[in-house]
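The values are calculated or read from the model by the stated rules, or taken from the named source; none is laboratory data. Computed from a prediction, not measured in an experiment: that's the story for all the values here. Using ideal geometry, Cβ is built from the backbone for each residue, glycine included, and neighbour counts are taken over all protein chains shown. In case anyone asks, the SASA skips ligands and DNA or RNA and just uses the protein heavy atoms, side chains included. Shrake-Rupley method; radii C 1.70, N 1.55, O 1.52, S 1.80 Å.
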Amino acid sequence: MVFLGSFQTLSICKDAAGIAGNISALVLFVSPVPTFRRIIRNESTEQFSGLPYIYALLNCIICAWYGSPLISSDNLSVTTVNSVGAVFQIVYIILFIIYAEKTEKVRVIGLLLAVLGIFAVIVIGSLLIIDLDVRHVAIGFLSSASLVSMLASPLFIINLVIKTRSVEFMPFYLSLSTFLMSTSFLLYGIFSFDPFIYAPNGIGTVLAIIQLVLFSYYKNASRDNSVVPLLVSHDMINGKTWAAVEEGRLSSS
């Protein structure tokens, strides 16, 4: 009875963490909306890059595949959050293609097709692995690597904040949402004893904490008239705006 009670408590905690992670991730998914309102209003993608949305889409679909019943058991929250994230990324990419210049339009379409091709190879390749444990581990490592690569993007922002002593390009609510989402899925992974979930989200939690600390330290030095709704990387210093995607950090598995 004690064991059964502990198992039920663990299951409730896991479900609660998964729901919290989904809610926090939704905030990140909608964060580029102001940017795309600006793009639609100006009928131009200006200097924004479509690459972050491509990377985020790849991350979302890989992590959603990891959470599916064909790969792992009882990871519905991972599949739902990343499936929703993939839909958002596809919408953003379509809007970007519509308003981008011809050369950028062709480039983004090519990358989108490449991502879909890569995912098709991953799905077919994983289904050819008969041993379910081997399949789970293989896709688990792949999803973790994908998520960690996306979570590493804030390192550019952290470097930019320290160099400029300004958090203009690191909106507080995005960093806070990332912290809440990463922490939620960190707990979700711990409660489900899944290192492919808690390890990458543990890294995301640490990076989000660093951002919140930097925001607190440098917030008074930031300009109040920032109009760029997405974060930009160190490339902006050289005159090129890189729309680093918060929803990319978001894709959680």
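Applied to the range 124-139, the Karplus parametrisation 6.51 cos²θ - 1.76 cosθ + 1.60 on θ = phi - 60° returns per-residue 3J(HN,Hα) values of 5, x, 5, 5, 6, 7, 6, 5, 5, 5, 5, 4, 4, 5, 4, 6 Hz, with x for Gly and Pro. From the Cα gyration tensor of the range 73-174, with a ≥ b ≥ c the square roots of its eigenvalues, which class applies: rounded if a/c is under 1.5, or else prolate if a/b is larger than b/c, or else oblate? Oblate shape, in that a/c is at least 1.5 and b/c is the bigger or equal ratio. Once the Cβ-Cβ distance of I109 and S216 is raised to the sixth power relative to R0 = 41 Å, the FRET efficiency obtained is 0.50.
For A199 and S44, the FRET efficiency from 1/(1 + (r/R0)^6), where r spans their Cβ atoms and R0 equals 35 Å, is about 0.30.
Taken over the alpha carbons of the range 168-207 as equal point scatterers, the Debye sum produces base-10 log I(q)/I(0) values at 0.22, 0.25, 0.33 Å⁻¹ of -0.60, -0.71, -0.99. Solvent-accessible surface of the range 1-151, taken per residue with a 1.4 Å probe and all protein chains present: 52 Å². By accessible area, using a 1.4 Å probe on protein heavy atoms only, the range 152-214 has 81% of its surface on carbon and sulfur.
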